[in-house]
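The values are calculated or read from the model by the stated rules, or taken from the named source; none is laboratory data. Keep in mind it's a predicted model, so treat the numbers as computed, not measured. With ideal geometry, Cβ positions are generated from the backbone for all residues, glycine too; neighbour counts draw on all protein chains shown.
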Amino acid sequence: MLTQLTRLSLEVDGRYATDQELQFLEEYLDSVDLRIRTYEKIRDHEAEIIPEVEAKMRALNQNNQLFVMGDYEIEICRRDRKNAICYSCTAMLMDDLDRLREGTLIWFQTIVRAIGWKRYVQNHYPTIQEVIKNYLTPEEAELIMVVFQVEHNILGLW
């Protein structure tokens with residue numbers, strides 16, 4: 001949304017926007033209540049979601065099959081998972097995947113590559129999606145799953 005608004009303001013400088021150019025804004029406004037509801041549900045259930053995802057990832061990573069995880073790495077993953085969910089929710093709320101993709105995800109992709117966490121990430125995002133779906137209606141889940149799928153594609157499929 002913010003990226004699209006910025007682009008629109010540059011493109012229509014000195015003239016009125018056409019109906020077609022305003023279409024994205026109308027679509028956003030039609031979905032804003034659903035976006036806010038989805039954002040609030042995930043925010044309000046974060047304290048339950050994070051440990052549930054962590055437990056499922058721990059089960060998948062038995063004997064450090066995906067990545068060697070000591071106490072320090074577990075704490076870093078917990079912090080990063082919390083941030084990733086928050087960034088994802090903000091991108092969904094603002095309907096701004098471009099900003100997420102071009103900012104946070106490119107930076108995070110560099111880190112994932114540098115430390116070799118590709119296999120971990122390939123399992124992580126499907127697990128987050130599985131858990132979060134339990135807290136949302138199908139309509140709400142559809143909104144946020146788009147964001148998690150973009151993240152999974154950028155971080156886990158290179």
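Restricting Glu102, Glu151, Glu139 to residues that are of a type in the set (D, E, K, R) and closer than 23 Å to Ala47 by Cβ narrows the list to Glu151.
Note on region 107-121: among residues that are touching a residue at least 24 places away in the same chain (Cβ under 8 Å) and of a type in the set (A, V, I, L, M), the one that is surrounded by the fewest Cβ atoms within 10 Å (Cβ to Cβ) is Val112. Anything in region 39-53 that is of a type outside the set (D, E, K, R) and either within 28 Å of Lys118 (Cβ to Cβ) or without any contact (Cβ under 8 Å) to a residue 60 or more places away in the chain (or both)? List them, or say none. Correct list: Tyr39, Ile42, Ala47, Ile49, Ile50, Pro51, Val53.
Residue pairs whose Cβ atoms lie under 6 Å apart, sitting 6 or more positions apart in sequence or on different chains, and linking a residue in region 54-66 that is within 14 Å of Glu130 (Cα to Cα) to a partner that is modelled with pLDDT of 80 or more, are Lys56/Thr127; Met57/Thr127; Leu60/Asn123. Filtered by the rule that a residue be surrounded by 15 or more Cβ atoms within 10 Å (Cβ to Cβ), touching a residue at least 60 places away in the same chain (Cβ under 8 Å) and outside any loop (DSSP other than H, G, I, E, B), region 122-140 gives Asn123, His124, Thr127, Ile128, Val131, Ile132, Glu140.
So which helices (runs of 4 or more DSSP H) are wholly in region 5-121 and hold at least 3 residues that are over 17 Å from Leu155 (Cβ atoms)?
Filter on region 5-121 gives 19-60, 71-94.
To keep it simple, each residue is scored yes or no on (1) β-branched (Val, Ile, Thr); (2) in contact with a Lys or Arg (Cβ under 9 Å, 6 or more places away or on another chain); (3) over 22 Å from Lys133 (Cα atoms).
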| position | (1), (2), (3) |
| --- | --- |
| Leu2 | no, yes, yes |
| Tyr16 | no, no, yes |
| Gln23 | no, no, yes |
| Glu26 | no, no, yes |
| Leu34 | no, no, no |
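Output yes when any residue across region 88-100 is at positive phi and touching a helix residue (DSSP H, G or I) at 6+ places or on another chain (Cβ under 9 Å), and no when none is. Checked against the condition, which is being at positive phi and touching a helix residue (DSSP H, G or I) at 6+ places or on another chain (Cβ under 9 Å), region 88-100 yields at least one hit.
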